[in-house]
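Let me begin by presenting the structure, written as structure tokens, before commenting on it.
The values are calculated or read from the model by the stated rules, or taken from the named source; none is laboratory data. Please read these numbers as outputs of a predicted model, since none were measured by experiment. Cβ sites come from the backbone with ideal geometry, for glycine too, and all protein chains shown count toward neighbours.
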Amino acid sequence: MLKKISPFLLLLSIVWSTESSAQNLYLTSIGATEKETKTIDSIGYKKTFNEYGSLEKEITTLQKKLTQIGYIENELLHLKKQNDTTYLASFSLKNKYESIIIEHNGLVDLSILKLTDFLDQTNRLVIPIANVENTLQFINSEIANRGNPFSTLIVNNIQKLDRKTLTGSLSVSEPKSRTTDKIIIKGYEKFPKSYINRYLKIKTGKVFNLAKIKEQTAALNDLVFANQIRDPEVLFTQDSTILYMYIEKARSNTFDGFLGFGTNESTNKIEFDGYLDLNLINNLNYGESLKLLYKSDENDQQTFDLKLVTPYIFSSPVGLDLNLNIFKRDSSFVTVSQTAKINYQINSRHTISAGIQSVKSTDLLDMPTALITDYDSNKYLINYTYIKRQNYDRLFPVNFLFDLSTGFGNRSYETFDEKQSHFYINTFKIFNLNDKNSFYGRVNANYLVSDTYLENELPRFGGINSIRGFEENSLIANLYAVLNTEYRYKLNNTIYVHSVIDAAYFENQLTDQKEKLFGFGFGFGLLTKAGLFRFNYTSGKTEDRKFKLSDSKIHLSLTTTF
């Protein structure tokens, strides 16, 4: 006869059952000896679990950890339930092996194996047991980077050599080597194709190497007109490998101008000067640049400079530089210079070029002088340029520039024909002390070597882009060197202030003049929506002349990017 169960007892039974099933389970692991137990404890393992399945997984994980450190023969002797919530796992660790000698039999390139630092003198792999897994993963990754992304490494025939050492042989499963079959640009579909082949040096048909491709595409960060949005990706199909590159077009056109004014020493009147600098980059999606400079200063001098750079002409590795420069000084003379150069970009930072330059100067004076006369010159030019960018800094995007040029040729006037050589260097470096403080140093030098000189052929300098505190192009010399320095302090990411300390030395053999110049002042820069606005207040002096506030120059400029 069945007895009725009290509802209260039934409810109590359900609650007790629920609480019992919610109880934690506890694990204790020991070794065959006290030393083995300490080894297990030093490895560490989870001891509390919500259910039995998790406890079993932890025991499996613990055995794997023991294997990885050399106890490859470890054995779980038994797993006993001591009470309702506690389990005891007993292990026998047995012998600990320190290393394994792996014969690779030439299946893997030695250049890859040398990267592991585990090759012995006989070119065998001798790997500490604790490093085996990571080392094999590294080798496999390098094999994949060299065109076999689906290769697999296996160590088989594992045997005991002695109580501390194992031996084994390496086998490699290598599917057919992969090549880059197609390149697809996302984001900026009209990105110049010549830049992929020549600048990044990524070509279809070449062995696929993802690590190298990532290294190559990093050079996109050195371009002015494009940025890499994210790392390249690869689509593998059964018979092809497609590379996807993610690029965006950047605003790179610039418009620069400045207004300067100062007091004329002769007339005591304020005079103005300024310039217009327009730089158009990659508007035709070929990576080309067109630069136009027009300058008119207080010395009644005008400069017109037009420069065209076309990289990788007809998809070849070389580009073309064309330059037209016209300089006119009041009613004294006008000089026209034409330059054509072939350039070769070694990589994203280094460029070399060579070409020819033709100069023709015309005397405009009614009464000719011996210092100014008609002349023609022809020179062969060689140039090297290095540019290191820091595009993350909107105020100072170029960290280091080194531009070196030299020219050799002849200059002729009247019945005289002379050999000449010309050397020019322009370099600057920004030393970033921390996020807010930096030091800027620039050296600009020009040297014309000739037996005789004409006034209308001598280089000119002075002004905001040369030694500050002096009028634009007011100084002429056959030799000059200018040092510009600035200590810069960023108030934030859009405003900075700086000092101005400049020095220069020049020689003019026409007037038998050798002189030192100095410029001191301060300035600031402000990044606005319209562009970078710069203000400079500087005063210049010669070695034997004191500073005069009346000689100070105020220079304003605005560089707009569009």
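Restricting to segment 93-109, name every residue that is surrounded by fewer than 16 Cβ atoms within 10 Å (Cβ to Cβ) and at pLDDT below 85.
The answer is Asn105, Gly106, Leu107, Asp109.
What number of residues within segment 40-60 satisfy the criterion of being out of contact with any helix residue (DSSP H, G or I) (no Cβ under 8 Å at 6 or more places or on another chain), surrounded by 13 or more Cβ atoms within 10 Å (Cβ to Cβ) and not small (Gly, Ala, Ser)?
Here the count works out to 5.
Out of all the residues in segment 530-557, which are at pLDDT 85 or above and within 31 Å of the chain's Cα centre (by Cα)?
If the condition is that a residue be at pLDDT 85 or above and within 31 Å of the chain's Cα centre (by Cα), then Gly531, Leu532, Phe533, Arg534, Phe535, Asn536 are the ones that fit.
If Glu414 satisfies every condition in (1) at positive phi; (2) under 21 Å from the mean Cα position of the chain (by Cα) but one, which is the exception?
Glu414 satisfies all of (1) at positive phi; (2) under 21 Å from the mean Cα position of the chain (by Cα) except (2).
Looking at (1) in contact (Cβ under 8 Å) with a residue 60 or more places away in the chain; (2) surrounded by fewer than 17 Cβ atoms within 10 Å (Cβ to Cβ); (3) of a type in the set (Lys, Arg), can you tell me which one Lys295 breaks?
Looking at each condition in turn, Lys295 falls short on (2).
Can you work out which of the residues in segment 235-262 that are modelled with pLDDT under 70 and surrounded by fewer than 16 Cβ atoms within 10 Å (Cβ to Cβ) is farthest from Ala530 (Cα to Cα)?
Of everything passing the filter in segment 235-262, Phe261 is farthest from Ala530 (Cα to Cα).
Do we have Phe396 as under 29 Å from Gln345 (Cβ atoms) and either surrounded by fewer than 14 Cβ atoms within 10 Å (Cβ to Cβ) or at pLDDT below 95 (or both) here?
Spelling it out, Phe396 is indeed under 29 Å from Gln345 (Cβ atoms) and either surrounded by fewer than 14 Cβ atoms within 10 Å (Cβ to Cβ) or at pLDDT below 95 (or both).
Considering Ser194, Ser90, which residue is touching a residue at least 40 places away in the same chain (Cβ under 8 Å), in a strand (DSSP E or B) and not hydrophobic (A, V, I, L, M, F, W, C)?
One residue alone meets the criteria, Ser90.
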